[in-house]
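Remarks on the structure that follows.
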Amino acid sequence: MSRDPGRGRWLLLAACAHVFFLLPPLRTRAFALSVVLEDAEDKTEVPVLQKSEKRGTVSRRSKELKEIIFIIQSQSNSFHSKKAEDLKRDILKQAADLGKELPTVLLIHQMDRHEGAWTILPLMRDFSVAYGRNSSWIFFCEEDTRIQVVKLLEILGRFDTSKEWFLGKALYDEESTIIHHYAFAENPTVFKFPDFAAGWALSIPLVNKLATKLKSEPLKSDFTIDLKHEIALYIWQKGDGPHLTPVPEFCTDDVNSDKVDQCATTFSNFLPLCGEPVKKEDVFVAVKTCRKFHGDRIPVVKQTWEREAALIEYYSDYRDISIPTIDLGVPNTERGHCGKTFAILERYLNHSSPRTPWLVIVDDDTLISIFRLRKLLSCYDPNEPVFLGERYGYGLGTGGYSYITGGGGMVFSRTAVQRLLASRCRCYSMDAPDDMVLGMCFSGLGIPITHSPLFHQARPMDYPKEFLSHQIPVSFHKHWNIDPVKVYFTWLAPNTEEAFNGKKVEFNREDL
């Protein structure tokens, strides 16, 4: 479901009054970086550089490496945590090959001071305390980012580490967009923000400055929608802070690209596949609709992705045998659809095949590739409580929660649904925002949200072209000012898979 983020304040108050009292408190134990550094390879202290050392020597290179703190933007789900651990081992192996001290490599999901660690800014004070004296850079990357350590040292060596630097591969909006609150509406191209997939870096002086600011002005309780844009806005400080400095060697080209020798980072831009795709019959698809959209939205589903689903049902406030729809006895609401969604969860658990391990709930204006989703789900264990999609956050700077935004599609393992419905957590009102209530419930149960950037709450034109260029997307949302059938066959249809290998597709993506 889509929403106006300005409604957040009443939602939080209502949630506190009606839901939070049912849930166990979020973890608030003190953040201790030493817990993350239990490996012997990470226990060596950061050395203080001697001014007499010459640049370019192996000794100097190893000390420069020791001054970089690598932060992998990892997740606790077993599939994602393994990939992050593999990347950590690769970084440390490259460092060991240089023959000297190893750098510190941290995984975001292990920094569990609170649920908002993935939003990074709340960790700046901890980074400043732990590394603010003897380090030079905090370098962030995703679990699929690949790093050439020697090249990275060379690139970072170009910058004066006594100054404030914000480095990365620059993205920008060609048109103002709702996911960025229509920022810089007159000319959105002027504001640059980093592509996390390419890696990005903050100099320690900037980290220390951010930590000081956050100490005196804590983050406001608000929505986290597009983290990379929001971090850049916070650092920019309405012109008082640094802009992003583009680094051409921070790349999202595939590791097999001809450009790889010029890059300090590359990105594995593929659709994850961990064996055979899950069977069609293992994915149950629930479409939320209502009577007023039966005539325009449902025909789009039937012309596009319905054929990919073996098990699909349409849930409405009116029984229409021509579709057919199922009336759950829940009236349609203009705001949230919590009552309808929980009715769908109950029906899935109690009336669908008990052997169907996956449930997908989508809006009637969601465009999704079930074909690609089946590949993606091959990497997840349905015996784990999995709640998958595009992650948003609410009030994470002040102890809030993460949630999967409904418009891009919400994917549940049967185990997750069982855990949820066995709890006492339910809607505080029938028209509460379903995705946010689910986020609060899973947070209280200690079940983490699993994020995939392949799900999208908005339309293709709402994202930078460079950002989408290294993706094989699973979903988009909304029919507003687009031809949704054209968008589906351009971006999501099974026969467009080859487009990502440089072959021509039926439609020109530049027009979408």
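Numerical summary
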item: Thr405 polar (S, T, N, Q), open to solvent by 10 Å² or more (accessible area, probe 1.4 Å) and out of contact with any Cys (no Cβ under 6 Å at 6 or more places or on another chain); result: no
item: Cβ pairs under 7 Å, 6+ apart, first in region 264-278 and hydroxyl-bearing (Ser, Thr, Tyr), second part of a loop (DSSP other than H, G, I, E, B) and at pLDDT 90 or above; result: Thr265/Gly199; Thr265/Cys251; Thr266/Cys251; Ser268/Asp144
item: Conditions (1) of a type in the set (Val, Ile, Thr); (2) under 24 Å from Lys302 (Cβ atoms); (3) free of Cβ contacts under 8 Å to residues at least 60 places away in the same chain: number failed by Thr415; result: (2)
item: Residue that is nearest to Gln94 (Cα to Cα) [pool: residues in region 104-150 that are part of a helix (DSSP H, G or I) and open to solvent by 40 Å² or more (accessible area, probe 1.4 Å)]; result: Val150
item: Matching residues in region 385-408 - criterion: being among the small types (Gly, Ala, Ser) and closer than 18 Å to Asp222 by Cβ; result: Gly393, Gly395, Gly397, Gly399, Gly400, Ser402
item: Residue ID - nearest to Leu202 (Cα to Cα), chosen from residues in region 151-175 that are open to solvent by less than 40 Å² (accessible area, probe 1.4 Å) and part of a loop (DSSP other than H, G, I, E, B); result: Phe159
item: Residue within region 95-103 that is more than 19 Å from Ser135 (Cα to Cα), basic (Lys, Arg) and surrounded by fewer than 22 Cβ atoms within 10 Å (Cβ to Cβ) present; result: no
item: Helices (runs of 4 or more DSSP H) wholly inside region 383-493 containing at least 2 residues that are among the acidic types (Asp, Glu); result: 434-444
item: Selection status of His470, in contact with a strand residue (DSSP E or B) (Cβ under 9 Å, 6 or more places away or on another chain) and open to solvent by 30 Å² or more (accessible area, probe 1.4 Å); result: no
item: Which listed residue is assigned to a loop (DSSP other than H, G, I, E, B) and modelled with pLDDT of 95 or more, from Pro248, Pro272, Pro299; result: Pro248
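Listed here are the residues, each with its yes/no results for (1) touching a strand residue (DSSP E or B) at 6+ places or on another chain (Cβ under 8 Å); (2) open to solvent by less than 10 Å² (accessible area, probe 1.4 Å); (3) outside any strand (DSSP E or B).
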site: Ala286; (1), (2), (3): yes, yes, no
site: Glu334; (1), (2), (3): no, no, yes
site: Val360; (1), (2), (3): yes, yes, no
site: Arg372; (1), (2), (3): no, yes, yes
site: Cys379; (1), (2), (3): no, no, yes
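Listed here are the residues, each with its yes/no results for (1) surrounded by 15 or more Cβ atoms within 10 Å (Cβ to Cβ); (2) farther than 30 Å from Asp381 by Cβ.
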residue	(1), (2)
Leu219	yes, yes
Val255	no, no
Pro272	yes, no
Phe293	yes, yes
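The values are calculated or read from the model by the stated rules, or taken from the named source; none is laboratory data. Owing to the predicted nature of the structure, the values given are computational and were not obtained by experimental measurement. Quick reminder, even Gly has a Cβ in these numbers, built from the backbone with ideal geometry, and neighbours come from all protein chains shown. When the accessible area is computed, the model is the full protein with side chains, heavy atoms only, and any ligands, DNA or RNA have been set aside. Shrake-Rupley method; radii C 1.70, N 1.55, O 1.52, S 1.80 Å.
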